[in-house]
1. Report yes if some residue within segment 10-21 is buried (at least 19 other Cβ atoms within 10 Å of the Cβ) and either outside any helix (DSSP H, G or I) or in contact with a strand residue (DSSP E or B) (Cβ under 8 Å, 6 or more places away or on another chain) (or both); otherwise report no.
2. Just to be sure I understand the filter: pairs with C-beta atoms under 8 Å, separated by 6 or more residues or on different chains, first member in segment 46-74 and free of Cβ contacts under 8 Å to residues at least 12 places away in the same chain, second member outside any helix (DSSP H, G or I) and among the acidic types (Asp, Glu). Which pairs pass?
3. I'm checking my understanding of the structure. Among residues of segment 114-146 that are among the polar types (S, T, N, Q) and modelled with pLDDT of 95 or more, which one is nearest to GLU14 (Cα to Cα)?
4. Specify the residue that is nearest to the chain's Cα centre (by Cα); the eligible residues are those in segment 35-52 that are among the aliphatic types (A, V, I, L, M), modelled with pLDDT under 95 and part of a helix (DSSP H, G or I).
5. Evaluate the following for ARG32: is it over 24 Å from ARG130 (Cβ atoms), at pLDDT 95 or above and assigned to a helix (DSSP H, G or I)?
6. Taking the stated definitions as given, is THR59 of a type in the set (S, T, N, Q), at pLDDT 90 or above, within 23 Å of GLN127 (Cβ to Cβ) and not in a loop (DSSP other than H, G, I, E, B)?
7. What are the residues in segment 101-117 that are surrounded by fewer than 18 Cβ atoms within 10 Å (Cβ to Cβ) and either over 13 Å from the mean Cα position of the chain (by Cα) or not in a helix (DSSP H, G or I) (or both), if any?
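The values are calculated or read from the model by the stated rules, or taken from the named source; none is laboratory data. Bear in mind the structure is a predicted one, so any value in this text is a computation, not a measurement. Methodologically, a virtual Cβ is constructed for each residue, glycine included, from the backbone with ideal geometry; neighbour enumeration extends over all protein chains shown.
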Amino acid sequence: EGPFELLRAREFVEGAIAAEAALHVRPADIERLDDVLRRMETMRHPNKMTIALDREFHTAVAGILENAVLVRFIGELFDQRMNPYFERLSIYFETSDSWQVAANEHRAVRDAIAARDPERAKAAMQQHLRQSQIRFSRNFDERAAAKEVAE
């Protein structure tokens, strides 16, 4: 199980959750997402707090469905990215710029859920996780190429 497989699995699962969340969202849920987004937007550099806020956002989306199994499952999927391999690689692909892009993608997910638009919510979540894969692979490939040139 590698990081790309994990991100791909999350794309499928979390896309479906976001779509369903758009059908069940309540004002308190939007307030919670807004609170997480406000805190995310104050962060300028990726660190342990940004990772915690990222996790909180994704589990808050699952929490809209009031299903503890889904919240735990999404949390566990997210936590798998914190294995030593993924954590070591994240140092290279999580930058201030990539963090701002991810925060904007989270905002698009929130807006689609708040609009009660399940198709848009699913698409926004899948796009966010697909872009995460692209950012990760692009930076991973750049680091690998730089290492090969240096050797």
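1. So far as segment 10-21 goes, no, none of its residues is buried (at least 19 other Cβ atoms within 10 Å of the Cβ) and either outside any helix (DSSP H, G or I) or in contact with a strand residue (DSSP E or B) (Cβ under 8 Å, 6 or more places away or on another chain) (or both).
2. none
3. GLN126
4. ILE51
5. So ARG32 fits the description; yes.
6. yes
7. Matches in segment 101-117: ASP111, ALA114, ALA115, ARG116, ASP117.
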